[in-house]
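The values are calculated or read from the model by the stated rules, or taken from the named source; none is laboratory data. Note that the structure is predicted; figures quoted are calculated from it, not measured. When we count neighbours, we look across all protein chains shown, and the Cβ atoms used for this are built from the backbone with ideal geometry, even at glycine. Note: areas computed on protein heavy atoms with side chains; ligands, DNA, RNA excluded. Shrake-Rupley method; radii C 1.70, N 1.55, O 1.52, S 1.80 Å.
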Amino acid sequence: MSTTVLSPFQVDQKGFYGDFGGAFIPEMLHGNVEELRQRYLGILASESFRNQFNELLHQYVGRPTPLYLAPRLGAHHGTTIYLKREDLCHTGAHKINNALGQLLVARELGKTRIIAETGAGQHGVATATACALLGMECVVYMGARDIQRQAPNVARMRMLGARVEPATSGSQTLKDATNEAIRDWINHPETTHYIIGSAVGPHPYPDMVARLQAIISAEIRQQLDGLPTHIVACVGGGSNAIGAFYHFLDEPEVQLVGVEAAGLGVDSGKTAATLALGTQGVLHASLTKVLQTADGQVVEPHSISAGLDYPGIGPQHAHLEAVKRVHYGGVTDQEALDAARQLSQLEGIIPALETAHALAYLEKMNFRREDRVVINLSGRGDKDLDTYMQHLAL
Amino acid sequence: MTVTELLQSPAKDLLNIYFTAGYPHLDSLCELLPALEAAGADLVEIGIPYSDPLSDGPTIQQSSAHALANGISLELIFKQLEETTTQIPKVMMGYFNTVLQFGFERFCQRCADTGISGVILPDLPIELYLDRYASLFEQHGLSNIFLVTPETPADRLHYIDQHSTSFIYAVSSSSTTGVKAGIQDAAPYLKGLQTAKLKTPFLVGFNIASPKDFDFACQYARGGIIGSAFIRYLAKQNDLHAATTQFVQHIRQLQLS
């Protein structure tokens, strides 16, 4: 893990990616965020952190995850397709990479209490898991509406010993859970570390989360002989995508594609396509693209996938779009549902609804036979079975 | 009078009342400003409602959501200010994004036009303010008011002091607004501020709800800031003018006795 990244695609000394990023935090959070900013690179580069983190990723998470050559999916698209199997991580998604890494950072900072936000519950379960493993108090904020919609993950978190706190403000979903977690942090600055679940929030979070998820692209580089032609990943906040892109950002011949949730359609008014429709603004202390009104009030997004329905996006993605290093597209709820069924029946892998957005976008791309396409299969679909049953008449 | 002039005057025990524009009714600002002036508040903070007020507890979250549902906007707040004539020093408090979308230059101009002499944007850190907006604020005669907390280290406190003009907003404890009972625990911290040889006076805010809290704040500071408690009081009253008079008298009772 390098501590001196000099890439036009990475964060600068002031915490910005081009026009995006920064740390728009109230003074009440200055101490914590500044401590993290000063120490995260040193901790991540330290031998003790690297040994512990690598050991946990190997022994506990089950890394490296396979890079699986998917023959029937490839035949369908007339090219070679590999699936990076993050769905095989313990707890069923890439989220655990970040949760474990940040927990080790928190322990290094002397924190004794962990808070997190969660939408669908995947990051909440990953954080509760990491806290159980390392014996740390854990409070997870979750929108009151999401608590009702995602009952099995709420039960998992409680089984793991975490306290699940309903966010009852605003629209009672991921955005509000994040607000409540930040408010909790303001009220408990000394004991608590906030494990943000995606590559969002104030600097240094987007960079720290990207570095922790970069294990995904580091493994792809080792597992593949030579470079892929394309890497495709879904984007909500953007942590699995940045993890899959990270070690290829400076390889211009690799086409990087991020897929947003278009909901009922980009122009339907019921969408989470932040890069397509958003304007520059501050959400959760980061200057990025935001779905908002002309007055700067944040608009509630829609996606069938609770993991993608976020009205902002990580500032690095906003920058990568602005400098045209990554191409971003959108996929509707229905297209994602169809792609989930397709992968299930072609490869025997039921993907998460979030991941299904990346798979669906393949239909909109043109491939040559000799291409080598990597899809980041970010999560498994068990948590989405209710939705699949409801919409696919199972 | 501007907020800087007020703080440069010898007046002490300054009572600064915060209210959320657009709450409880869309045009309540036009009633509350004269009422606060008549009741003897020294300074008002006009809250700009925002959908995601990270620094605020439930009371101001709810008043903000209510005001937005009423249809308030920054544009409308300035229009209401134009229709209201008061001399009481006025500052605006809001979140960075609302001002960013309105346009910083236009915001500063409209503040200057409508008698706003200070601005509090809790999520605009001092470094970014100095980098990007300080000259604009100065050009329009606006004082930017920074927050300090019990966790603010001495060097940063003095850095903030050096760049402050009217007053420093001393947050009484590590918390969001209006969520803790009282400020009595803040004595060591407030004593520290009192003896820190700051060039800028400070007012204490967050969790001041009673005459006792206000009096306590005034023992250390030039005054106190009350927001959530005032909004909770308004929520129970029909006559905003009478309610405002009662509230200000109630809070000031220990100074008057």
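Values computed for the structure shown
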{"quantity": "Those residues of the stretch B:126-154 which are open to solvent by 20 Å² or more (accessible area, probe 1.4 Å), farther than 25 Å from B:MET1 by Cα and in contact with a Phe, Trp or Tyr (Cβ under 7 Å, 6 or more places away or on another chain), in sequence order", "calculated": "B:PRO150"}
{"quantity": "The stretch A:353-389, subset polar (S, T, N, Q) and either in a loop (DSSP other than H, G, I, E, B) or at pLDDT below 95 (or both), residue least open to solvent (accessible area, probe 1.4 Å)", "calculated": "A:SER378"}
{"quantity": "Tally, over the stretch B:241-257, of residues that are surrounded by fewer than 18 Cβ atoms within 10 Å (Cβ to Cβ) and either out of contact with any Cys (no Cβ under 8 Å at 6 or more places or on another chain) or not in a helix (DSSP H, G or I) (or both)", "calculated": "10"}
{"quantity": "Check on A:GLY74, outside any loop (DSSP other than H, G, I, E, B) and more than 19 Å from the chain's Cα centre (by Cα)", "calculated": "yes"}
{"quantity": "Contacts under 8 angstrom Cβ, first residue in the stretch A:64-79 being open to solvent by 30 Å² or more (accessible area, probe 1.4 Å), partner of a type in the set (Ser, Thr, Tyr) and assigned to a helix (DSSP H, G or I), 6 or more apart", "calculated": "none"}
{"quantity": "Out of A:ALA199, A:ALA210, A:ALA155, A:ALA214, sole residue that is away from every other protein chain (no Cβ under 14 Å) and open to solvent by 10 Å² or more (accessible area, probe 1.4 Å)", "calculated": "A:ALA155"}
{"quantity": "Residue in the stretch A:124-146 that is open to solvent by 10 Å² or more (accessible area, probe 1.4 Å) and polar (S, T, N, Q) present", "calculated": "no"}
{"quantity": "Top-ranked residue of the stretch A:254-293 - restricted to ones that are of a type in the set (Gly, Ala, Ser) and touching a Cys at 6+ places or on another chain (Cβ under 9 Å), ranked as farthest from the other protein chains (Cβ to nearest Cβ)", "calculated": "A:GLY258"}
{"quantity": "Members of the stretch A:4-16 that are in a loop (DSSP other than H, G, I, E, B), open to solvent by 10 Å² or more (accessible area, probe 1.4 Å) and of a type outside the set (D, E, K, R)", "calculated": "A:THR4, A:VAL5, A:LEU6, A:SER7, A:PRO8, A:PHE9, A:GLN10, A:VAL11, A:GLN13"}
{"quantity": "Only listed residue being among the acidic types (Asp, Glu), under 21 Å from A:GLY31 (Cβ atoms), within 14 Å of another protein chain (Cβ to nearest Cβ) and free of Cβ contacts under 8 Å to residues at least 40 places away in the same chain, chosen from A:GLU190, A:GLU180, A:GLU137, A:GLU165", "calculated": "A:GLU190"}
{"quantity": "Residue in the stretch A:330-352 that is open to solvent by 10 Å² or more (accessible area, probe 1.4 Å), assigned to a strand (DSSP E or B) and at pLDDT 95 or above present", "calculated": "yes"}
{"quantity": "Selection from the stretch A:211-236 of residues that are out of contact with any strand residue (DSSP E or B) (no Cβ under 9 Å at 6 or more places or on another chain), outside any helix (DSSP H, G or I) and in contact (Cβ under 8 Å) with a residue 12 or more places away in the chain", "calculated": "A:ALA214"}
{"quantity": "Complete set of residues in the stretch A:17-56 that are within 13 Å of chain B (Cβ to nearest Cβ), in a helix (DSSP H, G or I) and among the charged types (D, E, K, R)", "calculated": "A:GLU27, A:GLU34, A:GLU35, A:ARG37"}
{"quantity": "Wholly within the stretch A:102-210, helices (runs of 4 or more DSSP H) carrying at least 2 residues that are out of contact with any helix residue (DSSP H, G or I) (no Cβ under 7 Å at 6 or more places or on another chain) and in the same structural domain as A:LEU283 (by TED's automatic domain parsing)", "calculated": "none"}
{"quantity": "Subset of the stretch A:294-311 (residues that are of a type in the set (A, V, I, L, M, F, W, C) and away from chain B (no Cβ under 14 Å))", "calculated": "A:ILE304, A:ALA306, A:LEU308"}
{"quantity": "Search result, residues across the stretch B:100-119 that are surrounded by fewer than 23 Cβ atoms within 10 Å (Cβ to Cβ) and not small (Gly, Ala, Ser)", "calculated": "B:LEU100, B:GLN101, B:PHE102, B:PHE104, B:GLU105, B:ARG106, B:CYS108, B:GLN109, B:ARG110, B:ASP113, B:THR114"}
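Let's see how each residue does on (1) of a type in the set (A, V, I, L, M, F, W, C); (2) within 12 Å of chain A (Cβ to nearest Cβ):
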| site | (1), (2) |
| --- | --- |
| B:VAL91 | yes, no |
| B:PHE102 | yes, yes |
| B:GLU127 | no, yes |
| B:ALA134 | yes, no |
| B:SER143 | no, no |
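For every residue, the table says whether it meets (1) without any contact (Cβ under 8 Å) to a residue 60 or more places away in the chain; (2) more than 30 Å from B:GLN8 (Cα to Cα).
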position	(1), (2)
B:TYR23	no, yes
B:CYS30	yes, no
B:LEU33	yes, no
B:ALA38	no, no
B:VAL44	yes, no
B:SER51	yes, yes
B:ASN70	yes, yes
